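Here's the structure, in structure tokens; my notes come after.
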Amino acid sequence: MALIQTVDLTKVYGKGETAVMALDHVNLSVEAGEFVAVMGPSGCGKSTLLHLMGGLDRPTSGRVVLDGADLTKLDDTRLTEVRRRKIGFVFQFYNLIPVLNAVENAALPLTLDGRTPGDARVKAAQWLKLVGVDNRQANLPDQLSGGQQQRVAIARALVAEPTLILADEPTGNLDSRAGDEIARLLRQVADEWGRAVLMVTHDPRIAAYADRIVFLKDGRVVDETRLNAGTSQFAADIKEKVEAL
Amino acid sequence: MSVRHALLGLLAQRSRHGYELRAAFEALVGGEQNWDVKPAQIYTTLDRLEEAQLVEPQAVEQSGGPEKRIYGITTAGQAELDYWLASPTQPEHQRDEFFLKLMLALVIEGAQPRKVIQIQRGALYQVLHAITLQRNRADPKTALAQILYLDKVVMHLEADLRWLDMIEARLDDVRRQPLPEPEARPRGRPRKVTE
């Protein structure tokens with residue numbers, strides 16, 4: 001049973017002759033504990049897909065079903081609540097609040113959800129420890145390296161114990177070593193903490209950490225590759241594709 | 001001839017028998033999944049090295065099972081090894097089978113070059129995934145050489161994948177151009193020019 005599933009997800013920007021189809025009947029699902037990468041040339045609809053799956057935007061048609069609930073049918077208040085409790089977001093530029101320290105940033109989703117500051121801080125500190133920035137709790141974002149800021153952002157994404165993590169180019173602003181460490185951490189988020197992770201990236205090395213890669217082009221899924229299959233499965237996949245030629 | 005020289009190098013380190021050589025080679029490259037050398041190849045290579053007098057049997061070890069010949073490197077072998085170590089290595093990018101496949105898929109009617117690219121990309125990603133996990137499991141305190149070797153493989157795969165993206169993005173342009181044809185050269189003896 002998929003944790004999140006899109007059904008004929010379609011997004012059109014503009015109207016009439018100038019209309020642009022950013023997503024064209026996309027069907028995609030991610031299981032709990034699965035790490036999926038979305039790749040494709042710029043303008044292929046990667047970010048639109050992520051925004052629609054995260055309830056940050058609404059589709060023109062089609063559905064997004066998260067944990068059995070159709071996000072497209074929820075009103076704005078309910079949608080905000082689902083976003084805060086069930087989905088964690090990780091962005092390219094971390095999007096940390098500059099005047100809050102690491103633990104306050106990581107605690108934000110809980111604070112916004114009405115949890116007591118003390119309770120929120122304890123939870124945030126636990127996640128900072130799990131993602132490896134335990135010793136940076138009192139630092140402001142500009143006192144942290146890019147890799148450390150992204151770790152704080154991942155702690156913030158996980159603090160409300162969401163089932164789904166959506167990451168938009170999470171290594172796009174990092175050097176290759178820090179990028180690798182973040183990819184390894186996202187792998188851990190799926191493997192050890194059982195979250196469904198969907199990551200948009202254009203970096204082949206980072207995408208290779210995933211269990212599956214979905215290739216988008218002109219708003220459509222044009223190819224899909226399972227990476228974690230054993231050699232026999234690999235051979236079977238290739239055979240299937242060759243036979244489809 | 002890298003296996004040949006690898007064996008010379010391992011014998012320059014110390015004398016060993018065939019079985020030990022295979023194990024040492026495997027350890028060097030970080031496991032047979034990276035570079036599989038069959039026992040038969042080790043023994044035929046040893047025979048050829050012996051014929052060329054680059055190695056020589058030094059002793060026979062007999063403990064229970066079949067006898068094992070222990071080989072050592074000769075002076076000539078050491079010279080060959082020194083020459084090899086001091087020579088540059090040719091990069092292996094000249095003969096790309098995939099390139100041939102793609103070019104031919106472009107000109108053969110009914111072939112699907114875009115699909116050919118997709119299949120290749122999927123296969124490269126599967127290898128990259130496996131190598132990435134293997135690299136991350138290796139302990140930098142004890143297996144640094146293997147890590148650096150795997151990094152090389154990762155970087156090459158990354159380059160191949162970027163190249164595939166580049167080709168895919170310009171596939172329609174490539175398609176519009178004819179496949180390079182050989183220059184029409186006159187055959188046989190040049191004709192006599194009579195004035």
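The values are calculated or read from the model by the stated rules, or taken from the named source; none is laboratory data. Please read these numbers as outputs of a predicted model, since none were measured by experiment. Backbone-built Cβ (ideal geometry, glycine too); neighbour counts: all protein chains shown. Heads up: the accessible areas ignore ligands, DNA and RNA and are worked out on the full protein's heavy atoms, side chains in. Shrake-Rupley method; radii C 1.70, N 1.55, O 1.52, S 1.80 Å.
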>> In 10 Å bins starting at zero, report the fraction of Cα pairs in the protein assembly as shown per bin as a rounded %.
In response: 4, 16, 22, 20, 16, 11, 7, 3, 1, 0, 0
>> List the residues, sorted by chain then number, that are 5 or more residues from A:Leu23 or on another chain and whose placed amide H is less than 5 Å from its amide H.
In response: A:Lys11
> Farthest toward the dipole's positive end in the protein assembly as shown, which of B:Gly72, B:Ala159, B:Gln62, given Cβ charges of +1 (Lys, Arg) and -1 (Asp, Glu) about the Cα centre?
Replying inline: B:Ala159
> Once amide H atoms are placed 1.01 Å from N in the peptide plane, what residues at a sequence separation of 5 or more from A:Met199, or on another chain, have their amide H within under 5 Å of its amide H?
Replying inline: A:Val36, A:Ala37, A:Val38, A:Ala167
> For region A:199-216, what does the Karplus curve 6.51 cos²θ - 1.76 cosθ + 1.60, with θ = phi - 60°, yield as ³J(HN,Hα) per residue in whole Hz, taken in order and with x for Gly and Pro?
Replying inline: 10, 8, 8, 10, 9, x, 5, 6, 4, 5, 6, 6, 7, 8, 10, 10, 9, 10
> Which order do A:Thr163, A:Thr48, B:Thr142, A:Thr111 take when ranked by solvent-accessible area (1.4 Å probe, heavy atoms of all protein chains), largest first?
Replying inline: B:Thr142, A:Thr111, A:Thr163, A:Thr48
>> Suppose accessible area is computed on protein heavy atoms with a 1.4 Å probe; arrange A:Thr201, B:Thr89, B:Thr74 from highest to lowest.
In response: B:Thr89, B:Thr74, A:Thr201
>> Just to confirm, what accessible area per residue do you get for region A:93-238 at 1.4 Å probe, in whole Å²?
In response: 41
> Cα-Cα over 22 Å: which of A:Lys11/A:Lys46; A:Lys15/B:Lys115; A:Lys11/A:Lys217; A:Lys11/A:Lys73?
Replying inline: A:Lys15/B:Lys115
> B:Lys38: which lysines have alpha carbons under 30 Å from its alpha carbon, excluding same-chain residues fewer than 8 sequence positions away?
Replying inline: A:Lys239, B:Lys68, B:Lys101, B:Lys141, B:Lys152
> Just how large is the dipole of chain B about the Cα centre, in debye to the nearest 20, putting +1 at every Lys and Arg Cβ and -1 at every Asp and Glu Cβ?
Replying inline: 560
>> Within 10 Å of each candidate Cβ there may be at most 15 other Cβ atoms; applying that plus a DSSP loop requirement, which chymotrypsin sites (Phe, Trp or Tyr not before Pro) in region A:122-231 survive?
In response: A:Trp193
> Under a no-solvent Debye model with one identical scatterer per Cα of region B:2-70, what's log10 I(q)/I(0) at q = 0.13 Å⁻¹?
Replying inline: -0.35
> Leaving out ligands, DNA and RNA but keeping every protein chain, what accessible area does B:His156 have, in Å² rounded to the nearest 10, with a 1.4 Å probe?
Replying inline: 70
> What figure in square angstrom, to the nearest 10, would you give for the accessible area of A:Met21 with a 1.4 Å probe?
Replying inline: 90
> Interface B/A, total buried accessible area with a 1.4 Å probe, nearest 100 Å²?
Replying inline: 2000
>> Can you list residues from other chains, or at least 5 along the same chain, whose modelled amide H is less than 5 Å from the amide H of A:Asp223?
In response: A:Phe215
> Using a 1.4 Å probe on the protein chains only, how many percent of the accessible area of the protein assembly as shown belongs to carbon and sulfur?
Replying inline: 52
> Computed over the Cα atoms of chain B, what is the convex hull's projected area averaged over all directions, in nm²?
Replying inline: 20.4
> Got a sec? Charge dipole of the protein assembly as shown, +1 on Cβ for Lys and Arg, -1 for Asp and Glu; which of A:Ala19, A:Gly114, A:Ala207 is way out at the positive end?
Replying inline: A:Ala19
> How much area per residue is accessible in region B:7-166 when the probe is 1.4 Å and only protein heavy atoms are counted (Å²)?
Replying inline: 62
> Just from the alpha-carbon atoms, what are the Rg and Dmax of region B:70-155 in angstroms?
Replying inline: 20.1, 59
> Size of the dipole of the protein assembly as shown about the Cα centre, Lys and Arg at +1 and Asp and Glu at -1 on the beta carbon, nothing else charged, in debye to 20?
Replying inline: 400
>> Counting C-alpha atoms alone, how compact is region B:126-195: give Rg to one decimal and Dmax as a whole number, in angstrom.
In response: 24.4, 81
> HN-Hα J couplings of region A:124-137 from phi, Karplus 6.51/-1.76/1.60, θ = phi - 60°, integer Hz, Gly and Pro as x?
Replying inline: 4, 5, 4, 6, 4, 5, 5, 8, x, 10, 3, 7, 10, 4
> Against the longest principal axis of chain A, how steep is helix A:146-158, in degrees 0 to 90 to the nearest 10, with axes from Cα atoms?
Replying inline: 80
> With every protein chain left in place, what is the accessible area of B:Glu168 in Å² (1.4 Å probe, nearest 10)?
Replying inline: 30
